[in-house]
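My questions will all concern the structure given below.
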Amino acid sequence: MTTQRAEAASGTAIDIRFGQVGLIQVLIWTTDPGAILDELTGRVATAPKFFQRTAVSIDLGPLGHEPSAEEMQGVLDAVRRAGMCPVGLASGAAVAQALSRPLDLPLLPPFREFHPPAEAGARARREAPRPEPEPEAGTLAQLHAHPVRSGQRVYARGRDLVVTATVGAGAELIADGCVHVYGALRGRAVAGARGETGARVFCQDFHAELVSIAGVFRVFETLPPELAGKPVQAWLDGDALRFERLGA
Amino acid sequence: MTEIIVVTSGKGGVGKTTTSASMACGLARRGKRVAVIDFDIGLRNLDLIMGCERRVVYDFVNVINGDCTLKQALIKDKRLETLHLLAASQTRDKDALTEDGVRRVLDELIADAFDYIICDSPAGIEKGAHLAMYFADRAVVVVNPEVSSVRDSDRILGLLASKTHRSVNGNGGVKEHLLLTRYNPRRVANGEMMSVGDVKDILGLDVIGVVPESPDVLAASNAGVPVILSDTSDAAAAYEDAVARLLGEELPLRFLDEPKRGFFARMFGG
């Protein structure tokens, strides 16, 4: 009774908020459950902690045909047996729309849609997107010694990214770990790309357009004068992105 | 040993064709055998700047398609004996260029013992620009001292570092040079224009030349005489310096400061 009264006092039973969460996408090139299970179990074994009981969204984009609900049920079973939990269909592919109801999985809007290369053969398509195996913990940072120019993107998978040259406006640095720039940072820096909230961004000469850590980002339309051109670090403090001049 | 130099910028109207014509003339005047190729298929301009538009019979696309031989299409400059032009096609579009076709033309020029092949790139980053830079050993990136030109040049430098024959095959990459054009020291001093230092800082490259803004450039273009050949112009001297630096000479940059005005000019506002 007391709890009911407390709820009545606050006037709400629930809160609805908009939040961003990182979600693993499983892109499927085939609906053969055996092939999927084989590959997934192999992949999960390389980083069991990372993949076990992980919520994943199924992306039908690369698939060459429209699968039936039964076919997809087999795919979902394979994914579950590999230890992952399918929670939705990436809504990029048109076929996902039709399958959402019979499979009882919601459509999840993607940030970027996947377009399979039209001319590549089926074999090539299966080979191309295969990501590198999960790197072991303690792998050295990825070093980039050339200027990163406007329109270029550098991604350090599973580790830190160190750039020892300038990063132009319109260039993108992405790392699953921290981003370090020993030069001017005029472009974008994305640290903790897979949700690592302890990741940080460091740079020597701060002019960034955008800084993001574990999905929390800030766009700099105008640079704060206390940061512009200064050595700066950025980190995540709870939900807030903090910036501080280094060595001040 | 033939060297292929692309003159490129990303942005249009910054002076690529003017630079191609002047650099080609400058090199030829020093006795080098030079072929300059207009890659701007459909918007043929280089022949106008070089003053030989009425002598274009066959063009680059004709050579690629085998309609004529390279010898038939190369136009010999009337002023400088060792300078040759391969004009763009005015009636075709950029899809007429193929990687294989461009490679064959360049190989033939190399076999013919040209010292330099200058590729005048079209604006943009599409096929014409891509093929103009693809086989280059060196690149002259033409940039105006303003933000959009600098941004586009940064983009082009990124492509030079990743989408060229040298970078793809790991042959040490394309050697990159920066050439500033339309530089106006008075406006730089007033803070209305980016300085050489600003541009150098952002792009992180050495500057091979700074060409001052000058009415001589337009006059020369209209007359069909590459500006480097007009004796009294500062722009001509600046291009001459750039050619010297391209050949390895070390010269201090000129025309970075506002010219001193004489007593009478100041008195009478001349």
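Any idea which of B:Leu160, B:Gly224, B:Leu178 is furthest toward the positive side of the dipole for the range B:157-233, if Lys and Arg beta-carbons carry +1 and Asp and Glu beta-carbons -1?
Of the options given, the answer is B:Leu160.
Follow-up question, since we're still on this one. Considering every Cα-Cα pair within the range B:114-244, what fraction, in whole percent, is farther apart than 27 Å?
Values: 1954 of 8515 pairs.
Result: 23 percent of Cα pairs exceed 27 Å.
Between B:Lys76 and B:Arg30, what is 0.36 nm times their sequence separation minus the Cα-Cα distance? Round to one decimal in nm. Before the final figure, lay out the partial values.
Values: separation 46, 0.36 × 46 = 16.56 nm, distance 1.63 nm.
14.9 nm is the gain from fully extending B:Lys76 to B:Arg30.
Counting DSSP beta bridges in the range B:22-161, what percent are antiparallel, to the nearest 5?
20 percent
Report the rotationally averaged projected area of the range B:196-252 based on its alpha-carbon convex hull, in square nanometres.
4.6 nm²
Going 7 Å from the Cα of B:Gln90 along its beta-carbon direction, which residues of the range B:223-256 have the amide nitrogen within less than 19 Å of the resulting point?
Correct set: B:223-226.
Report the Cα-based extents of the range B:38-120 along its three principal axes, largest first, to the nearest Å.
For the range B:38-120, the Cα extents along the three principal axes come out at 33, 27, 21 Å.
Also: What percent antiparallel are the DSSP beta bridges of chain B, to the nearest 5? Please list the in-between numbers first.
Values: 2 of 30 bridges.
Bridges in chain B are about 5 percent antiparallel.
What FRET efficiency comes out for A:Arg101 versus A:Ala240 if R0 is 30 angstrom and r is the Cβ-Cβ distance? Round to the nearest 0.05. Walk me through the numbers before you get to the answer.
Values: r = 40 Å, r/R0 = 1.32.
After rounding, the FRET efficiency stands at 0.15.
Next question, about the same structure. At the nearest 100 Å², what buried accessible area, both sides summed, do you get for A and B when the probe is 1.4 Å? Write out the running numbers ahead of the final one.
Working: alone 14730 and 12550 Å², together 26480 Å².
Answer for the A-B pair: about 800 Å² buried.
For the protein assembly as shown, with all protein chains present and a 1.4 Å probe, just round the carbon and sulfur fraction of the accessible area to a whole percent. Please list the in-between numbers first.
Numbers: 13500 of 26480 Å².
C and S atoms contribute 51 percent here.
Compute the separation of the alpha-carbon centres of the range A:17-59 and the range B:76-141 and state it in Å as a whole number.
About 49 Å separates the Cα centre of the range A:17-59 from the one of the range B:76-141.
Follow-up question, since we're still on this one. Can you list the lysines whose alpha carbon sits under 19 Å from that of B:Lys76, skipping same-chain ones fewer than 8 residues off?
Within reach: B:Lys32.
Grab the alpha carbons of the range B:10-65, take their convex hull, and tell me the volume per residue in Å³.
Numbers: hull volume 5.9 nm³, N = 56.
Considering the Cα atoms of the range B:10-65, their hull volume per residue is 106 Å³.
Given 25 °C and 0.890 mPa s, compute D for the protein assembly as shown with the Stokes-Einstein relation, Rh being the Kirkwood radius over Cα pairs; round to the nearest whole µm²/s. Walk me through the intermediate numbers first.
Values: Rh = 27.0 Å.
Reported coefficient: 91 µm²/s.
While we're looking at this one, here's another question. Starting from the Cα-Cα distance between B:Met1 and B:Leu218, subtract it from 0.36 nm times their residue separation and give me the gain in nm to one decimal. Walk me through the numbers on the way to the answer.
Details: separation 217, 0.36 × 217 = 78.12 nm, distance 3.44 nm.
The B:Met1-B:Leu218 span can extend by a further 74.7 nm.
From the phi of every residue in the range B:207-221, what ³J(HN,Hα) in whole Hz does the Karplus formula 6.51 cos²θ - 1.76 cosθ + 1.60 yield, where θ is phi - 60° and glycine or proline is x?
For the range B:207-221, the Karplus curve yields 9, 8, x, 10, 9, x, 4, 8, x, 4, 5, 5, 4, 5, 4 Hz.
Need one number for the range B:110-191: average projected area of the convex hull over its C-alpha atoms, nm².
Details: hull surface 26.7 nm².
Mean orientational projected area (the range B:110-191, Cα hull): 6.7 nm².
Could I ask something else about it? If you rank B:Arg138, A:Arg153, A:Arg53 by how much accessible surface each has, with a 1.4 Å probe, what is the order from largest down?
On the way: B:Arg138 30, A:Arg153 140, A:Arg53 185 Å².
Ranked list, largest accessible area first: A:Arg53, A:Arg153, B:Arg138.
What does the helix-only formula give at 222 nm for chain B: each DSSP H stretch with n ≥ 4 adding -39500 (n - 2.57), the total divided by the residues, and the result rounded to the nearest 500 deg cm²/dmol? The partial results should precede the final answer.
On the way: 13 runs with 111 residues, N = 270.
Helix-only estimate at 222 nm: -11500 deg cm²/dmol.
Turning to a different aspect of this structure: Threshold 10 Å², probe 1.4 Å: give the residues of the range A:143-180, in number order, that are less accessible with all protein chains present than with their chain alone.
Buried on complex formation: A:Arg149, A:Ser150, A:Gly151, A:Gln152, A:Thr166, A:Gly168, A:Ala169.
On a straight-distance basis, which aspartates and glutamates could pair with B:Lys11 in a cross-link, Cα separation under 18 angstrom, same-chain partners fewer than 8 positions away excluded?
Partners found: B:Asp38, B:Asp40, B:Asp120, B:Glu126, B:Glu146, B:Asp152, B:Asp154, B:Glu176, B:Glu213.
I've got another one for you. Hey, how much of the P(r) for chain B falls beyond 25 Å, as a percent of Cα pairs? Kindly include the intermediate steps, with their values, before the conclusion.
Details: 15290 of 36315 pairs.
Counting pairs separated by more than 25 Å, the tail of P(r) holds 42 percent.
Find the accessible area per residue for the range B:39-144; the probe is 1.4 Å, ligands and nucleic acids are left out, and the unit is Å². Before the final figure, lay out each step's value.
Values: 4560 Å² over 106 residues.
Heavy-atom accessible area per residue stands at 43 Å².
With the Cα gyration tensor of the range A:146-248 in hand, give its eigenvalues times 5 under a square root as the equivalent ellipsoid semi-axes, listed largest first in whole angstrom. Could the numbers behind the result be given before it?
Working: eigenvalues 58, 56, 28 Å².
For the range A:146-248, the ellipsoid semi-axes come out as 17, 17, 12 Å.
The values are calculated or read from the model by the stated rules, or taken from the named source; none is laboratory data. Note that this is a predicted model, so its numbers are computed, not measured. Note that each Cβ is placed from the backbone with ideal geometry, even for glycine, and that neighbours are counted across all protein chains shown. Note: areas computed on protein heavy atoms with side chains; ligands, DNA, RNA excluded. Shrake-Rupley method; radii C 1.70, N 1.55, O 1.52, S 1.80 Å.
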